[in-house]
Amino acid sequence: MTYLYEQYDVQEKHPRLFAIRTEASTLIETLQEVTTHTEFVTLAQIACTDWIEEERFELTYLLTDRARSRNLMVKVPLPRTGGSLPSLAFRFPQAEVMERDLHEMYGIVFEGNTTLYDFVLEGWHDIPPMRREFDTLAYVREHYDFQRGRTDGKDVKVEQKRRREEAKKRKAEAQQQAQTPEGAPHGE
Amino acid sequence: MENRLVTIFHGPQHPGITGNMSVELDLLGETIHRARTHVGYLHRGFEKLIERRTVIQAFTIVCRICVPEPDPNEENFARAVEGLAGIEISERAQYIRVMVQEMSRLAAQLLWMGGQSGSIGLETVGQWSLYDRDLILDLFEQLTGGRVYHMYTYPGGVRRDLPEGFLRRLGELLDHLEKQLPRYDRTFFDNATLRKRAIGVGVIDPDEALANGYVGQALRGCGIRRDLRRDNPYLVYDRLEFDIPVFDGGDVYSRALVRRGEMRESIRILRQVIAQMPAEGAIMQKLPKHRKFTLPRDDIYVATESARGEFGYYMAGDGSEYIRRMQVKGPSLIHGFTLLESLLVGEELSNVALIMNSLGICPPEIER
Amino acid sequence: MTFSHIDIKGIVAPFSAVGKVWEHPGTVCYPDQTKTVAPGYRGFHTNDLDACIGCANCQDVCMNDAIDMVTITQERNPKNKSACIPRIDYGRCCWCNLCVDVCPPDSLSLGQECIHAAPGSQDFLFFPKEPS
């Protein structure tokens, strides 16, 4: 761990969870150094978060140690369009399927990974679906029918207001009726 | 006539497949030359669904990610939200959660026995173990209101308190299961058919196992003692005494023996939980209303030891009441692809189901 | 097939399974016998219309948009300001109990029934029954 603290700016999220940051251009170098000189030797997960407001993805390479007791997050920012990363499949065979998953769901290209074919979706012709600009509700409305017989639902706030105003109107009318009794002459 | 490579699909409709996935096999006679896993028959898009749901609404989706074993998912989700939002839960809630996890582990191991015995032809044992699992599901029905999808482990604690007499009924069930274990030994674990089929089949190399990120019985079956409940403890596991069974063979039989040991250890842990359960304590912490419950802009990784290995959740919040990202990494992602495709090369066609069952590959958690 | 080592115990011990013949089976002969459903089981909804205030908290929290608020035909609770009661689409409901958790007068709850079969999906729009 001392090597890690000397070379990188380490954030301790938890007694057994740490995080460092790196860039896409130095990713392979950073991971080689960390896995050679520290106890974090295995790749456990590659996670991706879509920060659409900031026009970037943030990938988190999660490394774990031989004792499987502590984890290190290596965070890499990537532009949402046109960005690519080198594949880690040459070093960690398990990265192959994780990168395939992210390629299908986000459209990230991992250079050197020859297995970037369909993972889960078959015959998908739209944009990678986990990207935040993909609107699932709009897609469903376009391609599928909704349940019939659900058109009589009401908005309770609107109903409450409408009934309050009706009740007020009825009360006002009743008061007016009470003030002008039937049969009384008008204008005399 | 020369030998040709024949390509067949093993699955997705096949009694030996653990769920809906298929393995495309290139066969030279009966020997597998290359295997390629195909998933996608069970993709429900949960990670995308969670984008539109507040934290409390998302908790109801999470248990459906892994069908044989929903509880590690709920536990991970609850711990990730508690870690991000800084919520501490009471000791009684922690003990109840450990109890739920161990009961779920027992139910999953009994379900595994059903699958593994079916893949060899010892279906009788599968019928017995699924009956015993049903008794555990009856207890879950009393505790949580549902048999398979519990929706019980909640960020902040658990949703309901223990019903009257629950711990006594759990103790009686453990007595019943302990009486059944020697019966499973005689008919399954010591069965000459299983030993002849399973010893020496599907051998995993220990160095490769550690380097490639294999988890669970894939490690413990080749002599490497790793268990998150001991190495990266959570809840109250650091106060409970249990062993971690480890066998050296690296083959299907060793993994079966590891699971046999784990069933005994789960019963042992449950007995300690019954004895040590605090009588007082809040079941749930007070949480804000669901549209006001925001997560800070931060991320976290939590992991739970499920019956099949390390189950990890990566969760990121963005300051709003929605979860920005929740990425699920079950043990089957690596086992179903990297491990399975390399293990099957050189094996016979009849051993595919045997090896898949021993790894405990669960397609729902690969594709969520 | 070679017999380098004959596993006597492994061949003989499984025959002990025959002993199960003399045990009572655990199967429940449904529908002649029924299992007792545990109290607290999350089955079909019940709604006490004398207590329901038509606030739509249940509709707001429902994670799958299963609940519609529909005008009640015969008013039961004068405190129900919207004169609406929930109707639940059982094609979408996942019986998660969130609607019960947020109901302010505790009128909505999940009962013990769980069986329904119908040919059309529109037969799965349920008005919760009254609690017995």
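The values are calculated or read from the model by the stated rules, or taken from the named source; none is laboratory data. Owing to the predicted nature of the structure, the values given are computational and were not obtained by experimental measurement. In this analysis, Cβ positions are derived from the backbone assuming ideal geometry, glycine residues included, and neighbour counts consider all displayed protein chains.
A single member of B:Ile61, B:Ile56, B:Ile65 is out of contact with any Cys (no Cβ under 7 Å at 6 or more places or on another chain), surrounded by 22 or more Cβ atoms within 10 Å (Cβ to Cβ) and free of Cβ contacts under 8 Å to residues at least 40 places away in the same chain, and it is B:Ile61. Summed over the stretch B:202-213, the residues that are modelled with pLDDT of 90 or more and buried (at least 18 other Cβ atoms within 10 Å of the Cβ) give a count of 1. Going by what's in this entry, would B:Phe77 be described as farther than 24 Å from B:Gly216 by Cβ, within 14 Å of another protein chain (Cβ to nearest Cβ) and assigned to a helix (DSSP H, G or I)? Answer is no for this residue. Condition test on A:Gly123, is it without any contact (Cβ under 8 Å) to a residue 24 or more places away in the chain, among the small types (Gly, Ala, Ser) and within 13 Å of chain C (Cβ to nearest Cβ)? Criteria not met by A:Gly123. Could you list, in sequence order, the residues of the stretch B:240-268 that are acidic (Asp, Glu), under 16 Å from B:Cys222 (Cβ atoms) and within 16 Å of the chain's Cα centre (by Cα)? B:Glu262 - this is the single residue of the stretch B:240-268 that is acidic (Asp, Glu), under 16 Å from B:Cys222 (Cβ atoms) and within 16 Å of the chain's Cα centre (by Cα).
Taking each residue of the stretch A:132-152 that is free of Cβ contacts under 8 Å to residues at least 60 places away in the same chain and looking for partners that are part of a loop (DSSP other than H, G, I, E, B) and surrounded by 11 or more Cβ atoms within 10 Å (Cβ to Cβ) with beta-carbon atoms closer than 7 Å, six or more apart or interchain, yields A:Phe134/A:Ile127; A:Gln147/C:Gly91. As a summary of the residue check, A:Arg132 satisfies the conditions (1) more than 8 Å from chain B (Cβ to nearest Cβ); (2) farther than 19 Å from B:Lys329 by Cα except for the one numbered (1). When we screen B:Gly86, B:Gly145, B:Gly126 for residues that are out of contact with any helix residue (DSSP H, G or I) (no Cβ under 9 Å at 6 or more places or on another chain) and surrounded by 19 or more Cβ atoms within 10 Å (Cβ to Cβ), the only hit is B:Gly145.
Only residues that are of a type outside the set (Ser, Thr, Tyr), closer than 16 Å to B:Phe337 by Cα and over 20 Å from the mean Cα position of the chain (by Cα) were counted across the stretch A:117-126, and they come to 1. Restricting to the stretch B:328-342, give me the number of residues that are within 9 Å of another protein chain (Cβ to nearest Cβ) and touching a Gly at 6+ places or on another chain (Cβ under 6 Å). Count: 2. Looking across the stretch A:12-44 at every residue that is within 22 Å of the chain's Cα centre (by Cα) and among the small types (Gly, Ala, Ser), the one that is surrounded by the most Cβ atoms within 10 Å (Cβ to Cβ) is identified as A:Ala44. Of all residues in the stretch A:94-116 being assigned to a loop (DSSP other than H, G, I, E, B) and within 10 Å of chain B (Cβ to nearest Cβ), which is farthest from B:Phe337 (Cα to Cα)? Result: A:Thr115.
Restricting the stretch B:174-201 to residues that are within 13 Å of another protein chain (Cβ to nearest Cβ) and more than 26 Å from B:Glu348 (Cβ to Cβ), which is surrounded by the fewest Cβ atoms within 10 Å (Cβ to Cβ)? Residue satisfying both the conditions and the ranking: B:Lys179. Residues of the stretch B:229-245 that are surrounded by 19 or more Cβ atoms within 10 Å (Cβ to Cβ) and within 13 Å of B:Glu262 (Cβ to Cβ): B:Arg229, B:Pro245.
Exactly one residue among B:Leu110, B:Leu143, B:Leu106 is modelled with pLDDT of 90 or more and either touching a strand residue (DSSP E or B) at 6+ places or on another chain (Cβ under 8 Å) or under 22 Å from B:Ile56 (Cα atoms) (or both), and that residue is B:Leu143.
For the stretch C:40-71, the set of residues classified as touching a residue at least 60 places away in the same chain (Cβ under 8 Å) and at the interface with another protein chain (Cβ under 8 Å from one of its Cβ atoms) consists of C:Tyr41, C:Arg42, listed by residue number.
Residues of the stretch A:49-67 include at least one that is surrounded by fewer than 20 Cβ atoms within 10 Å (Cβ to Cβ), away from chain B (no Cβ under 14 Å), on the phi > 0 side of the Ramachandran plot and in contact (Cβ under 8 Å) with a residue 24 or more places away in the chain.
Is at least one residue of the stretch A:30-47 closer than 30 Å to B:Gly223 by Cα, away from every other protein chain (no Cβ under 13 Å) and touching a helix residue (DSSP H, G or I) at 6+ places or on another chain (Cβ under 6 Å)? Within the stretch A:30-47 (the criterion being closer than 30 Å to B:Gly223 by Cα, away from every other protein chain (no Cβ under 13 Å) and touching a helix residue (DSSP H, G or I) at 6+ places or on another chain (Cβ under 6 Å)), the answer is yes, since at least one residue qualifies. Given the criteria over 28 Å from B:Phe311 (Cα atoms), more than 14 Å from chain C (Cβ to nearest Cβ) and over 21 Å from the mean Cα position of the chain (by Cα), does B:Glu164 qualify? For B:Glu164, the condition - over 28 Å from B:Phe311 (Cα atoms), more than 14 Å from chain C (Cβ to nearest Cβ) and over 21 Å from the mean Cα position of the chain (by Cα) - is not met. Kindly indicate whether C:Val12 is modelled with pLDDT under 90, under 30 Å from B:Ala192 (Cα atoms) and either surrounded by fewer than 18 Cβ atoms within 10 Å (Cβ to Cβ) or within 9 Å of chain B (Cβ to nearest Cβ) (or both). So C:Val12 passes the test. Consider the stretch C:16-29 and keep the residues that are more than 15 Å from B:Tyr184 (Cβ to Cβ) and assigned to a helix (DSSP H, G or I). The one that is farthest from the other protein chains (Cβ to nearest Cβ) is C:Trp22. A single member of B:Glu51, B:Glu30 is modelled with pLDDT under 90, in contact with a strand residue (DSSP E or B) (Cβ under 6 Å, 6 or more places away or on another chain) and not aromatic (Phe, Trp, Tyr), and it is B:Glu30.
Taking the stretch C:41-83 as the range and being surrounded by fewer than 18 Cβ atoms within 10 Å (Cβ to Cβ), small (Gly, Ala, Ser) and within 29 Å of B:Leu137 (Cβ to Cβ) as the test, only C:Gly43 passes. When restricted to residues that are touching a Leu at 6+ places or on another chain (Cβ under 6 Å) and at the interface with chain A (Cβ under 9 Å from one of its Cβ atoms), the stretch B:304-327 contains 1.
Looking at the stretch B:231-239, can you tell me whether even one residue there is away from chain C (no Cβ under 14 Å), without any contact (Cβ under 8 Å) to a residue 24 or more places away in the chain and in a loop (DSSP other than H, G, I, E, B)? Yes: the stretch B:231-239 contains one or more residues that are away from chain C (no Cβ under 14 Å), without any contact (Cβ under 8 Å) to a residue 24 or more places away in the chain and in a loop (DSSP other than H, G, I, E, B).
Kindly indicate which of C:Cys96, C:Cys103 is more than 13 Å from every other protein chain (Cβ to nearest Cβ), hydrophobic (A, V, I, L, M, F, W, C) and under 30 Å from B:Val55 (Cβ atoms).
C:Cys103
Take the stretch B:15-32 and flag every residue that is at negative phi and surrounded by fewer than 16 Cβ atoms within 10 Å (Cβ to Cβ). Of everything in the stretch B:15-32, those that are at negative phi and surrounded by fewer than 16 Cβ atoms within 10 Å (Cβ to Cβ) turn out to be B:Pro15, B:Glu24, B:Asp26, B:Leu28, B:Glu30, B:Thr31. Within the stretch A:156-172, none of the residues are assigned to a loop (DSSP other than H, G, I, E, B) and either more than 30 Å from B:Gly330 (Cβ to Cβ) or away from chain C (no Cβ under 14 Å) (or both).
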